[in-house]
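Below is one structure; the comments refer to it alone.
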Amino acid sequence: MTETNILNDLKEAVLKGDDDLAFDLAQKALDNGTAAIKIMEESIVPGIQEAGELWKRNEYFQPDIVMSAEAFRMAMEVIDPRLTSEEFSTTGKVVIGTVAGDMHTLGKLMVKAMLRSGGFEVIDIGEDTSVATFIEKVKEHDPDIVGLGCYMTTTMLEMKEVLTSLQNSGIRDKLRVMIGGVPTTQEFADEIGADAWGKDAFDAVEKAKKLMEKPLEVV
Ligand code: B12
């Protein structure tokens with residue numbers, strides 16, 4: 001099987017929601033010598049994006065998307081260790097979570113994998129994370145950066161709540177806040193007072209590295 005065939009089949013496996021096949025093909029692609037980032041960019045992500053398009057056109061229903069999401073997760077599980085940088089945890093520490101009311105996980109999963117590949121230590125505090133949990137985990141782990149993910153317009157304002165609470169707890173100035181997810185924009189990040197916005201997982205790593213270069217008082 002050629003590299004192109006494996007990547008196409010993996011994309012189809014994610015699209016069709018065949019998690020066992022997605023797992024096997026991701027492993028096969030790695031065994032074949034394909035770089036983990038290429039597998040993610042050219043196969044796993046296009047698979048879930050196409051599933052999302054079918055959902056939008058009412059050709060896919062929620063159970064179909066749940067199956068695609070599971071296949072996405074399984075494929076990522078295989079390639080995740082290969083994305084992790086050998087200089088693990090030397091770049092900085094990130095606490096990342098999806099805001100309250102929001103159960104979407106896949107974007108955060110990718111950002112987490114890419115940040116790790118960029119040498120960050122990443123602590124994932126999960127989905128549907130309350131403001132209180134964000135504060136508690138930040139106090140516990142003392143990160144350089146807090147990453148907030150939000151995937152629906154209806155949960156966007158939760159990000160503002162986290163920022164306000166960080167401020168009220170007296171810890172806002174001790175860290176940087178980076179936000180991301182489908183409905184967010186640079187303008188929204190500016191509006192709520194976040195330090196950076198990441199368009200995608202690659203941009204998130206670049207922005208996180210830039211944030212680490214600046215002393216806190218000028219961020
Ligand atoms: C998969 C999916 C689901 C799956 C989630 C499975 C899972 N485990 O995550 C399921 C089926 C469970 C689901 C449920 C729902 N969903 Co949904 N879902 C999607 C879908 C199709 C894809 C999202 C996704 O995973 N994309 C792939 C990832 C890799 O991309 P991404 O999320 O954009 O992330 C990238 C960037 O945004 C960025 N990024 C992401 N996070 C972060 C964080 C930081 C810090 C940074 C810097 C960057 C960053 O980097 C990522 C990688 O490049 C989208 C449609 C879409 N096009 O986005 C709808 C979508 C997000 N869902 C939507 C809705 C409405 C729902 C439901 C309410 C449906 C329902 N009626 O029940 C529920 C909500 C449940 C809840 N309370 O959260 C709407 C939201 C609309 C809105 N109001 O804004 C969307 C946009 C679909 C639509 N067009 O209507 N969903």
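The H on the amide N of K199, modeled in the peptide plane, is under 5 Å from the matching H of A204, each at least 5 residues off or on a different chain.
Here the contact order of the chain, divided by its residue count and restricted to Cα pairs under 8 Å and six or more residues apart, works out to 16 percent. Panel order for R176, R73, R82, R57, by other beta carbons found within 10 Å of each beta carbon, from fewest to most: R57, R82, R73, R176. For the stretch 84-150, the alpha-carbon coordinates run over 35, 26, 11 Å along the three principal axes, in decreasing order. For the chain, what ratio Rg/Rh do Cα atoms give with a Kirkwood hydrodynamic radius? Rg divided by Rh gives 0.99. Helical content of the chain, expressed as a calculated mean residue ellipticity at 222 nm, amounts to -17000 deg cm²/dmol (DSSP H runs of 4 or more residues, -39,500 (n - 2.57) each, divided by residue number, nearest 500). Spin-label model, D190 to K93: label points 7 Å out along the Cα-to-beta-carbon direction sit 3.3 nm apart. Available extension along the chain between M152 and E59 is 31.4 nm, counting 0.36 nm per residue and deducting the alpha carbon span. Of the GluC sites (Glu not before Pro) in the stretch 59-142, the ones in a loop by DSSP (not H, G, I, E or B) with at most 13 other beta carbons within 10 Å are E59, E86, E87.
Long hydrophobic helices in the chain, taken as whole DSSP H segments with a C-alpha length of 30 Å or more on their own axis and mean Kyte-Doolittle hydropathy at least -0.5: 62-83.
Note down the relative contact order for the stretch 30-133 as a percent, whole number, built from C-alpha pairs under 8 angstrom at least six residues apart.
It rounds to 26 percent for the stretch 30-133.
The stretch 3-83: D in µm²/s via Stokes-Einstein (Kirkwood Rh, Cα pairs, 20 °C, 1.002 mPa s)? Stokes-Einstein gives a translational diffusion coefficient of 178 µm²/s.
Computed over neighbours whose Cβ is under 12 Å from that of G33, the net charge equals +1, Lys and Arg +1, Asp and Glu -1.
Short-range pairs are left out: with C-alpha atoms under 8 Å and at least six residues apart, the relative contact order of the stretch 92-218 is 27 percent. In the stretch 111-139, whose amide N lies under 20 Å from the spot 7 Å out along Cα-to-Cβ of E70? List them in ranges. Answer for the stretch 111-139: 127.
If you wrap the Cα atoms of the stretch 92-218 in a convex hull and average its projected area over all directions, you get 6.4 nm². Among T2, T184, a tally of other beta-carbon atoms within 10 Å of each Cβ gives an order, fewest to most, of T2, T184. I6 sits among other residues whose Cβ lies under 12 Å from its own Cβ, and their net charge, with Lys and Arg +1 and Asp and Glu -1, is -3. Sorting K112, K137 by the number of Cβ atoms found within 10 Å of their own Cβ, with the fewest placed first, yields K137, K112.
A simple spin-label model places the labels of K210 and S169 2.7 nm from each other, with each point 7 Å out along Cα-to-Cβ.
Quick note: the coordinates plus some simple rules give every number you see, no bench work behind them. A quick note: this is a predicted structure, and the numbers were derived from the prediction, not measured. Backbone-built Cβ (ideal geometry, glycine too); neighbour counts: all protein chains shown.
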